[in-house]
Amino acid sequence: MDETKQPGIKFVGTYLLDVEFHYFQENRESREVDFKIHCTEQMSADERELSLIFEIEVNKGRETMAAFTILAKIVGLFVADPGSNLPLKAFANIQGPALLVPYVRELISNITGRAPIPAFYLDPVNIKALLEGSTKGPEVAKKIN
């Protein structure tokens, strides 16, 4: 990769595939949050199109303690120009997931901000640690008390 040139990859867009939100009034005072993201990639046969799929779990399995749960799936679509400067496979390792995190942050804060609880704002995420620290694929788990 020539670091003086742009990567030659287009960000086609992000799409919300699925979202499920539950509010538990009896736990509305709870500020405990358990957050996980699982990232999977799907590459076209010619390696010119990439779909990164984020599965988001907030408080999954914690319904008796948490004020809310969110299960969501977001996909980011990317296309490499012919002769692109950065292989799409390399882009999928860090840059692609990093571009999707703000969309996850907005989704979670938007949904929780419309519920009768304080909005939840996802803290900054270290994408490199997220990807290097997982043996089953990109995943981050975070507890906020």
Taking r as the C-beta separation of Asn110 and Val79 and R0 as 25 Å, the FRET efficiency to the nearest 0.05 is 0.40
Checked against a 23 Å limit on the C-alpha separation, the offending pairs among Lys10/Lys36; Lys60/Lys89; Lys5/Lys36; Lys10/Lys128; Lys5/Lys73 are Lys10/Lys36; Lys60/Lys89; Lys5/Lys36; Lys5/Lys73
Contour minus Cα-Cα span, Phe21 to Leu71, at 0.36 nm per residue, comes to 17.3 nm
Here, Tyr121 and Lys60, labelled 7 Å along Cα→Cβ, have an inter-label distance in nm of 2.6
In this structure, the FRET efficiency calculated for Ile94 and Ala45 from their beta-carbon separation, with R0 = 30 Å, to the nearest 0.05, is 0.80
Once normalised by the length of the chain, the mean sequence separation of its alpha carbon contacts under 8 Å that are 6 or more apart gives a contact order in percent of 31
Filtering trypsin sites (Lys or Arg not before Pro) in the range 33-78 by DSSP loop and by at most 16 other Cβ atoms within 10 Å leaves Arg48, Lys60
Computed over the chain: longest principal axis from alpha-carbon atoms vs helix 95-113 long axis, angle to nearest 10 degrees, is 20
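Values in this text are rule-based calculations from the coordinates and carry no lab data. No experiment lies behind these values; they were computed from the predicted model shown. So basically every Cβ, Gly included, is an ideal-geometry build from the backbone, and we count neighbours across all protein chains shown.
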